[in-house]
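What follows is one structure encoded as structure tokens, with my remarks underneath.
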Amino acid sequence: MGAAQRLELLAVPGLPMVRAGDDLVALVLQHAAAAGIALHDHDVVVLAQKIVSKSEGRTVQLADVSPSPRAVALALEVQKDARLVELVLRESRRLVRTAPQVLIVEHRLGFVMANAGIDQSNVNAAGTPEQALLLPEDPDASAARLRAGFRARAGVDVGVIVNDSFGRPWRLGTVGVAIGAAGVAAVRDLRGQPDLLGRKLQVTVVGHADELAAAASLVMGQSDEAQPVVIVRGLRPPATALPAAALLRPPGEDLFR
């Protein structure tokens, strides 16, 4: 019998509030080193979507948003700020469900989520104009750039996940999910492999990057913990790396569409 696998979750402490144009690779390496943490090959660096979006300048001033008639009408229905609803519509392919205080959409990237991932928590400092934060333009590309940066600066081959919080149908609460990934197996297809008794698995496909994102979220927290970067250590290197886009269910297989 082989040795038991052990995973570690290492939060990178002391990161400042991220602003547009900040070098996330430099910030992570600087504060990890200050805490005595050195990146290793096959580590996975999980970054909160919020700091990736901030660094990429995805903040929008609400004063600059002019709601369309459609946004105004929908805002009355869902009881939300018409300017936020306008941003949601701009970022979305279609409306999925609406109700008072509920606006579920299919994001332009294919995610089915609340409010197109647009957020205001930990975005507006006291005394500053009201702002909202959009998802990165292309989270998989963001993850790939960050991974390349860690390789260039620290000489390590790490995976990178951009982590966001999603609600789930039929279950209360949000969990961390991967909206961007590079250098990890976002999906692991176990079909055809034997179970403990030798029976071949028929339908088992594992959302591996989502599992890592959820694990990192236990350390990141969801409110004022200020730990937006977590290093996952102890994973075996992936045989095949797949981006987070691989986690999206094809429309033809979506029984609830």
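Key figures for this structure:
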quantity	calculated
Search result, residues across the range 12-27 that are aliphatic (A, V, I, L, M) and touching a Gly at 6+ places or on another chain (Cβ under 9 Å)	ALA20, LEU24, VAL25, ALA26
Boolean, ARG153 is farther than 28 Å from ARG83 by Cα, out of contact with any Ser or Thr (no Cβ under 8 Å at 6 or more places or on another chain) and without any contact (Cβ under 8 Å) to a residue 40 or more places away in the chain	no
Failed condition for SER68, given (1) under 23 Å from the mean Cα position of the chain (by Cα); (2) over 22 Å from SER217 (Cα atoms)	(1)
Which listed residue, of LEU172, LEU95, LEU103, LEU84, is over 23 Å from LEU24 (Cβ atoms) and either out of contact with any strand residue (DSSP E or B) (no Cβ under 8 Å at 6 or more places or on another chain) or of a type in the set (D, E, K, R) (or both)	LEU172
Any hit, the range 103-110, residues being at pLDDT 95 or above and in the same structural domain as VAL25 (by TED's automatic domain parsing)	no
Residues of the range 191-225 classified as assigned to a loop (DSSP other than H, G, I, E, B) and either at pLDDT 90 or above or closer than 25 Å to HIS42 by Cα (or both), total	5
Condition check for VAL219: over 14 Å from the mean Cα position of the chain (by Cα) and within 23 Å of VAL25 (Cα to Cα)	yes
Whichever residue in the range 172-208 is under 23 Å from ALA245 (Cα atoms) and among the basic types (Lys, Arg) and, among such residues, is surrounded by the most Cβ atoms within 10 Å (Cβ to Cβ)	ARG188
Test: residue in the range 39-52 that is loosely packed, with under 13 Cβ neighbours inside 10 Å, of a type in the set (Gly, Ala, Ser) and in the same structural domain as ASP164 (by TED's automatic domain parsing)	no
Residue in the range 168-183 that is outside any strand (DSSP E or B) and either closer than 28 Å to GLY57 by Cβ or modelled with pLDDT of 95 or more (or both) present	yes
Top-ranked residue in the range 93-109 [being out of contact with any Lys or Arg (no Cβ under 8 Å at 6 or more places or on another chain) and part of a loop (DSSP other than H, G, I, E, B); ranked as surrounded by the most Cβ atoms within 10 Å (Cβ to Cβ)]	LEU109
Residue among ARG83, ARG90 that is within 20 Å of GLY57 (Cβ to Cβ) and either in the same structural domain as PRO243 (by TED's automatic domain parsing) or surrounded by 20 or more Cβ atoms within 10 Å (Cβ to Cβ) (or both)	ARG83
Selection from the range 1-30 of residues that are in contact (Cβ under 8 Å) with a residue 24 or more places away in the chain and out of contact with any helix residue (DSSP H, G or I) (no Cβ under 9 Å at 6 or more places or on another chain)	GLN5, ARG6, GLU8
Yes/no for ASP189 being out of contact with any Phe, Trp or Tyr (no Cβ under 8 Å at 6 or more places or on another chain), free of Cβ contacts under 8 Å to residues at least 40 places away in the same chain, within 30 Å of GLN30 (Cβ to Cβ) and not basic (Lys, Arg)	no
Residues of the range 226-257 satisfying the condition of being in a loop (DSSP other than H, G, I, E, B) and under 21 Å from VAL18 (Cβ atoms)	ALA226, GLN227, PRO228
Residue check, ASP64 charged (D, E, K, R) and surrounded by 13 or more Cβ atoms within 10 Å (Cβ to Cβ)	no
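The values are calculated or read from the model by the stated rules, or taken from the named source; none is laboratory data. Please read all numbers here as calculations on a predicted model, not as lab measurements. So basically every Cβ, Gly included, is an ideal-geometry build from the backbone, and we count neighbours across all protein chains shown.
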